[in-house]
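Colleague: Right, I'll just put the structure down here and ask away after.
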Amino acid sequence: MKKTMIMAAAFAAMSGTALAQSYPSQPITIIVPFSAGGPTDTVTRLVAQAMSQDLGQQIVVENVGGAGGTLGAARVAQAGNDGYTLLLHHIGMATSATLYRQLPYNPLEDFAYVGLVTEVPMTIVGRADLEVDTFEDLLAYVRENGEDVMYANAGIGAASHLCGLLFMNALDTQMTTIPYQGTGPAMTDLMGGQVDLLCDQTTNTTNQIRDGSVKAYAVTVPQRVESLPDLPTASEAGLADFNVSIWHGLYAPAGTPDEVVERLSQALQVALQDETVAQRFADLGTAPSPSEDATSAALQAKLEGEIELWRPIIEEAGVYAN
Ligand code: ASP
């Protein structure tokens, strides 16, 4: 190695250590790759507030919605790797790897892993005046009305897209999909009756189900959810093995110094043990990831496993974004 290269490498290592020692010395931004007011945004804001207390720095949440979460993820992939720009994304980080033929980043190479945040059930909900009341009747309604049914989602790669895709495949029927930059605005339109159906995380549907502003049909996990005990599972209500649950992870750009990533994982673990966070999560049908999962290694293993898990399912469905 040339002398200048050795010096550059030594400088990079030194500046990484120096950075880690003073980290964080300025506000941190977490990019949410969906609109404000949606489930990823809700989870992020709760966790960010608790992490910020542990880190002693402000955390700004910025919403960069569009293209099923890939625009926000691309922004972070290209951001400086100093630990001041992070990404809180969900299962879309894994499914987009297959759904997009030309993804502007590599989910396995362009990010450092901070840790898993939470795993959330999905619910299938309809506008309040939809003329069917049970999940079984909904299945018949969708089969009968096909493309006349307006299904809202947050774009290809979003959890709501994935759920709709599995739903349409299971029924062998196409609905008309209406894309949004996140399911926050999709929910607003569902409550306004502009669209018919949405499949979204309990973190964005629980309050609306409880106050009757949307009609709830089923949860998409094998067991009923404690916070919505009357809601049947899709499997028990007529769609056997219809399971999809949404995990969230926190990422930094690749090349972020290990010490910084480690500090962020610690702060994430502290945040996930915070009582207010745990209570709000429980009320919204989810739970904080245990500390052993809020680690770099656990998130990396999860992402790698989920890319492999969803690849054949998506390939069989034959749906691609570009
Ligand atoms: N959860 C939504 C989805 O993937 C997006 C969001 O958080 O707004 O469909």
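Please treat every number below as a calculation from the coordinates, not as lab data. Treat the numbers as computed from the prediction; the structure is a model and nothing was measured. No Cβ is skipped: glycine too gets one built from the backbone with ideal geometry, and neighbour counts run over all protein chains shown.
Colleague: Among THR233, THR40, what is the fewest-to-most ranking by other Cβ atoms within 10 Å? Intermediate values should be presented prior to the final figure.
Modeller: Numbers: THR233 19, THR40 33.
Taking fewest neighbouring Cβ atoms as first place, the list is THR233, THR40.
Colleague: Using the Cα centre as the reference, give the magnitude of the dipole from point charges on the C-beta atoms of the chain (Lys, Arg: +1; Asp, Glu: -1; all else neutral), rounded to the nearest 20 debye.
Modeller: Working: 14 positive and 37 negative charges, 250 e Å.
The dipole of the chain has a size of about 1200 debye.
Colleague: Can I ask one more? Test of understanding: what is the full-extension gain from ASN243 to GLN194, defined as 0.36 nm times their sequence separation minus their Cα-Cα distance?
Modeller: On the way: separation 49, 0.36 × 49 = 17.64 nm, distance 2.71 nm.
Going from the current span to full extension adds 14.9 nm.
Colleague: Ok, one more. Can you sort LEU165, LEU309, LEU272, LEU71 so the residue with the fewest Cβ neighbours within 10 Å comes first? Present the calculation step by step, with values, prior to reporting the outcome.
Modeller: Details: LEU165 22, LEU309 13, LEU272 25, LEU71 17.
Ascending Cβ contact count within 10 Å gives the list LEU309, LEU71, LEU165, LEU272.
Colleague: Another question, then. Could you give the length gained on full extension between ALA282 and GLN102, defined as 0.36 nm per residue of separation minus the Cα-Cα distance, in nm?
Modeller: On the way: separation 180, 0.36 × 180 = 64.80 nm, distance 3.75 nm.
So the extension gain works out to 61.1 nm.
Colleague: Okay, moving on. I'd like the per residue volume of the convex hull spanned by the Cα atoms of segment 56-187, given in cubic angstrom. List each step's numbers first, then the result.
Modeller: Working: hull volume 18.1 nm³, N = 132.
Expressed per residue, the convex hull around the Cα atoms of segment 56-187 is 137 Å³.
Colleague: Okay, moving on. Which ³J(HN,Hα) values in Hz, rounded to whole numbers, follow from the phi angles of segment 111-122 under the Karplus curve 6.51 cos²θ - 1.76 cosθ + 1.60, where θ = phi - 60° and Gly and Pro get x?
Modeller: These are the phi-based 3J(HN,Hα) values: 9, 9, 9, 8, x, 6, 10, 6, 10, 10, x, 9 Hz.
Colleague: Go ahead and estimate [θ] at 222 nm for the chain from helices alone: -39,500 (n - 2.57) per DSSP H run with n ≥ 4, summed, over the residue count, rounded to 500. Spell out each step's value before the answer.
Modeller: Values: 11 runs with 142 residues, N = 322.
So the calculated ellipticity at 222 nm is -14000 deg cm²/dmol.
Colleague: What's the magnitude of the charge dipole for segment 94-171 around its Cα centre, counting Lys and Arg as +1 and Asp and Glu as -1 at the beta-carbon? Answer in Debye, nearest 20.
Modeller: Details: 3 positive and 11 negative charges, 76 e Å.
Using only the charged Cβ atoms, the result is roughly 360 debye.
Colleague: Stokes-Einstein diffusion coefficient for the chain at 25 °C in a medium of 0.890 mPa s, Rh from the Kirkwood formula over Cα pairs: what value in µm²/s? Write out the running numbers ahead of the final one.
Modeller: Numbers: Rh = 20.1 Å.
Diffusion coefficient, whole number: 122 µm²/s.
Colleague: Please compute the modelled spin-label separation between GLU259 and SER213, points set 7 Å along Cα→Cβ, answer in nm with one decimal.
Modeller: Going by the 7 Å Cα→Cβ label model, 4.7 nm.
Colleague: Separate question: Spin-label point model (7 Å from Cα, Cβ direction): what's the SER25 to ASP230 distance in nm?
Modeller: So the two model labels end up 5.7 nm from each other.
Colleague: Sticking with this structure for a sec: How far is helix 39-55 tilted, in degrees, relative to the longest principal axis of the Cα atoms in the chain, given as a value from 0 to 90 rounded to the nearest 10?
Modeller: Roughly 30 degrees between the two axes.
Colleague: Another question, if that's okay. Nearest 5 is fine: what % of DSSP beta bridges in the chain come out antiparallel, could you say? Please report the intermediate quantities before stating the final value.
Modeller: Working: 24 of 39 bridges.
For the chain, the DSSP antiparallel bridge percentage is about 60.
Colleague: Placing unit charges on C-beta atoms (Lys and Arg positive, Asp and Glu negative, everything else neutral), compute the dipole magnitude of segment 192-322 about its Cα centre in debye, rounded to 20. Write out the running numbers ahead of the final one.
Modeller: Values: 7 positive and 20 negative charges, 68 e Å.
In total the dipole reaches around 320 debye.
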